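Each remark here refers to the structure printed beneath this line.
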Amino acid sequence: MQVVLDNIELATTGPIEIIDITERLRARCAASGVRDGVLTLISRHTTAYVNLNEAERQLQLDMVTWLKRLVPRDGDYLHNVAPVDGRDNAHAHLLGLLMNASESIPIVDGELLLGAWQSVFFIELDGPRAQRSLTLHFMGQG
């Protein structure tokens, strides 16, 4: 059994941003040496998440528009009255209720087992942020 722990460091530039990390994950998967097993990735942030979806530009714009409409940034939120870190980010925490902090993806023959239209995204809900990270945990047979 092989276990490899890795990180992907990111900087975000938008208030809500969808970043395709699929190719980075494929490269890290190949470098891990795991041939058959699983990759579990986790965002250890409370306002940034991971998601599997389609990498089509117009759809990604629709996603951002929908998120902004669903929970507006300027809502009347108690969390924003006295924010812990000085950021009015209640909307980001509320949107996070609908998202996953982690995903597990099978690895078969050294490749991530994703569907034909699936890509892996890092979803920033409280940007921009100079530093964000994803923890990658590869586990399986080499």
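Quick rundown of the values:
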item: Residue in segment 75-94 that is of a type in the set (Ser, Thr, Tyr) and under 15 Å from Leu25 (Cβ atoms) present; result: no
item: Cβ-Cβ under 7 Å pairs, at least 6 apart or on other chains, segment 34-53 side over 20 Å from His79 (Cα atoms), far side surrounded by fewer than 16 Cβ atoms within 10 Å (Cβ to Cβ) and modelled with pLDDT under 95; result: Val34/Gly142; Arg35/Gly142
item: Flag if Asn80 is surrounded by 14 or more Cβ atoms within 10 Å (Cβ to Cβ), among the polar types (S, T, N, Q), out of contact with any strand residue (DSSP E or B) (no Cβ under 7 Å at 6 or more places or on another chain) and free of Cβ contacts under 8 Å to residues at least 40 places away in the same chain; result: yes
item: Residue that is closer than 18 Å to Gly14 by Cα and either among the small types (Gly, Ala, Ser) or modelled with pLDDT of 95 or more (or both), where the choices are Arg129, Arg87; result: Arg129
item: Scope segment 94-124; condition farther than 11 Å from Tyr49 by Cβ and not in a strand (DSSP E or B); matching residues; result: Leu94, Asp109, Gly110, Leu113, Leu114, Gly115, Ala116, Trp117, Gln118
item: Evaluation of Leu95 against (1) in contact with a Phe, Trp or Tyr (Cβ under 9 Å, 6 or more places away or on another chain); (2) loosely packed, with under 15 Cβ neighbours inside 10 Å (one fails), failing number; result: (2)
item: Residues satisfying the stated conditions in segment 95-109, i.e. touching an Asp or Glu at 6+ places or on another chain (Cβ under 8 Å) and within 14 Å of Leu25 (Cβ to Cβ); result: Ile107
item: Residue count for segment 59-91, restricted to those that are hydrophobic (A, V, I, L, M, F, W, C) and closer than 16 Å to Phe121 by Cβ; result: 6
item: Which numbered condition Arg28 fails, given (1) of a type in the set (D, E, K, R); (2) in a helix (DSSP H, G or I); (3) exposed (fewer than 15 other Cβ atoms within 10 Å of the Cβ); result: (3)
item: Residue in segment 60-78 that is under 14 Å from Asp20 (Cβ atoms) and either within 13 Å of the chain's Cα centre (by Cα) or not hydrophobic (A, V, I, L, M, F, W, C) (or both) present; result: yes
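For every residue, the table says whether it meets (1) assigned to a strand (DSSP E or B); (2) closer than 18 Å to Leu114 by Cα; (3) hydroxyl-bearing (Ser, Thr, Tyr).
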{"position": "Asp6", "(1), (2), (3)": "yes, no, no"}
{"position": "Val34", "(1), (2), (3)": "no, yes, no"}
{"position": "Leu59", "(1), (2), (3)": "no, no, no"}
{"position": "Thr65", "(1), (2), (3)": "no, no, yes"}
{"position": "Arg87", "(1), (2), (3)": "no, no, no"}
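The values are calculated or read from the model by the stated rules, or taken from the named source; none is laboratory data. Everything numeric here is computed off the predicted structure, so don't read it as measured data. Methodologically, a virtual Cβ is constructed for each residue, glycine included, from the backbone with ideal geometry; neighbour enumeration extends over all protein chains shown.
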